[in-house]
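J.: Please read through the structure below; I'll follow up with questions.
Laboratory data are not the source of any read-out in this text; all were calculated from the coordinates shown. Keep in mind it's a predicted model, so treat the numbers as computed, not measured. With ideal geometry, Cβ positions are generated from the backbone for all residues, glycine too; neighbour counts draw on all protein chains shown.
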């Protein structure tokens, strides 16, 4: 009798076990609802993309092909200047990425590490510039660039993209530098490293996710822009892909097969960039550098 009483679980532990099971069941139901909601939202977002991809493989006007075909892709590369427009877009976007990262990294470091009135004023100016749309400066820029012979040139468009990207790029780099403990730099300074040396060897080496985020933001802004390219590029040989795509709608009947094929070509570089760099987006590993301090 005594042994049976000794092995009997206490009422409080039984209640605690039941409460934990109820919490687990409630948590699982919540997870299922979140999963279903995420699935529905993903389906709504991806359906138009799947429709574009499907229509790009559908025979276009005057085609004798049946079923799915690569005829539209062959046609846009053989009959239009899509390859030239693609090259122009890649050149401009890559130039914007390189300049934006090279300038934004040291500027963001100063914004993150220095605290004085001059830097605060600089931060305020960046915030104001960031809030202004580029279209407000389109006419003054056009007049200025016309005097400098930069209208209808790819470098002129790239300069505008760099200027419109820089404020946000600096803010992004500064926000990521804030997450890196300054104690790492102080340890490097004690070992004899200079400020520039600690920046290049310590901060930049731990900032790959922030650098990639800034680079991708700059790339997408230059890659997807339509308004600036439409205003500043007049020759068809200088068009970027968004402006070139608009030329398919200047006739009485648009060849929707060609339009969808060009849209797929426009989607491929961003998708490849995200797919190739996704594994580098990790912010872990920095805090562990200070373990035991």
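J.: Order these by the 10 Å Cβ neighbour count, fewest first: 183, 123. Kindly include the intermediate steps, with their values, before the conclusion.
T.: Working: 183 11, 123 14.
With the fewest neighbours first, 183, 123 line up as 183, 123.
J.: While we're looking at this one, here's another question. Quick check on the exposure proxy: order 170, 160 from fewest to most C-beta atoms within 10 angstrom.
T.: Values: 170 27, 160 23.
Ascending number of Cβ neighbours within 10 Å: 160, 170.
J.: Between residue 124 and residue 234, how many nm apart are label points set 7 Å from Cα along the C-beta direction?
T.: In this crude spin-label approximation the distance works out to 4.2 nm.
J.: Here's another thing I want to ask about it. Arrange the following residues from fewest to most other Cβ atoms within 10 Å of their Cβ: 223, 256. The partial results should precede the final answer.
T.: Numbers: 223 23, 256 15.
Result, fewest neighbours first: 256, 223.
J.: Further question on the same structure: If I stretch the segment between residue 51 and residue 256 completely, what's the gain in nm (0.36 nm per residue apart, minus their alpha carbon distance), one decimal?
T.: Working: separation 205, 0.36 × 205 = 73.80 nm, distance 1.21 nm.
Gain in length upon complete extension: 72.6 nm.
J.: Let me check I have the definition right: for the range 53-209, take the eigenvalues of the Cα gyration tensor, multiply each by 5, take square roots. What are those semi-axes in whole Å, largest first? Numbers along the way, then the final one.
T.: Values: eigenvalues 379, 109, 39 Å².
Taking √(5λ) for each eigenvalue gives 44, 23, 14 Å, largest first.
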